[in-house]
1. Take the alpha carbon gyration tensor of the stretch 1-44, find the square roots of its eigenvalues, order them as a ≥ b ≥ c, and report rounded if a/c is under 1.5; if not, report prolate when a/b exceeds b/c, else oblate.
2. Which number gives the lysine pairs in the stretch 26-137 that have C-alpha atoms under 18 Å apart and are eight or more places apart or on different chains?
3. Can you put V3, V90, V34, V116 in order, fewest other beta carbons within 10 Å first?
4. Remind me, relative contact order of the chain in percent, using alpha carbon pairs under 8 angstrom and six or more residues apart?
5. Need one word for the stretch 21-69: rounded, prolate or oblate. Basis is the Cα gyration tensor (sqrt eigenvalues a ≥ b ≥ c); a/c below 1.5 gives rounded, then a/b vs b/c decides.
6. Given a Förster radius of 41 Å and the C-beta distance between I102 and K45 as r, what FRET efficiency does 1/(1 + (r/R0)^6) yield to the nearest 0.05?
7. How big is the convex hull of the Cα atoms of the chain, per residue, in Å³?
8. Compute the acute angle (0 to 90°) between the alpha-carbon long axis of helix 84-136 and the principal axis of greatest extent of the alpha-carbon atoms of the chain; round to the nearest 10°.
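Since every read-out is calculated from the coordinates, none of them should be taken as a lab result. Note that this is a predicted model, so its numbers are computed, not measured. A quick note on method: Cβ atoms are made from the backbone with ideal geometry, for glycine too, and the neighbour counts reach across all protein chains shown.
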Amino acid sequence: MNVRKSISLHLQSAIADSDKLLQTLTSVTESLAVADHECDLAIKKFDTEKCRSEELEKQLKFFNCELSRASLRMIELVRCRDYRAIDVNVAEQQVVLRNEQIKQLEVEVERIQNLVFSLAAECAKTVEKYRQAQREE
């Protein structure tokens, strides 16, 4: 009778341990799913910011070309005596405006690059957590 009772207690203990392990595995699986989803979101956000950064770089190149054109136009206008004063003022205003726009774009590009680096770091942390959770299993 004691042997049966002992076996029964061992079986109950084994079943309880098995249930705990199942709960732990379920919890880890859910955590991994959440981490995977967060990683996917971070990657999508990174891709979006990367596209935006590339678009801003294109705009910056465009404004640099416009600045070059404005500078060439200013030189051309200086050569024209009749319209010299008026055209030079207009060209200078365009150069100042373009320079301000370029400065704003450079600040925005830097902000986006910092955000991209931050997102990459977050993604790396999430991946590391995921890998660590897998190792712990």
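1. Numbers: a/c = 11.46, a/b = 10.97, b/c = 1.04.
Prolate.
2. Details: K44/K125; K45/K125; K50/K58; K50/K61; K58/K103; K61/K103.
Here the count comes out as 6.
3. On the way: V3 7, V90 15, V34 12, V116 18.
If I rank by nearby Cβ atoms, fewest first, I get V3, V34, V90, V116.
4. Numbers: 66 pairs, mean separation 52.0, N = 137.
Reported relative contact order: 38 percent.
5. Judged from the Cα gyration tensor, the stretch 21-69 comes out prolate (a/c at least 1.5, a/b above b/c).
6. Details: r = 27 Å, r/R0 = 0.65.
Between I102 and K45 the formula returns 0.95.
7. Working: hull volume 10.3 nm³, N = 137.
Expressed per residue, the convex hull around the Cα atoms of the chain is 75 Å³.
8. That helix lies at roughly 10 degrees to the long axis.
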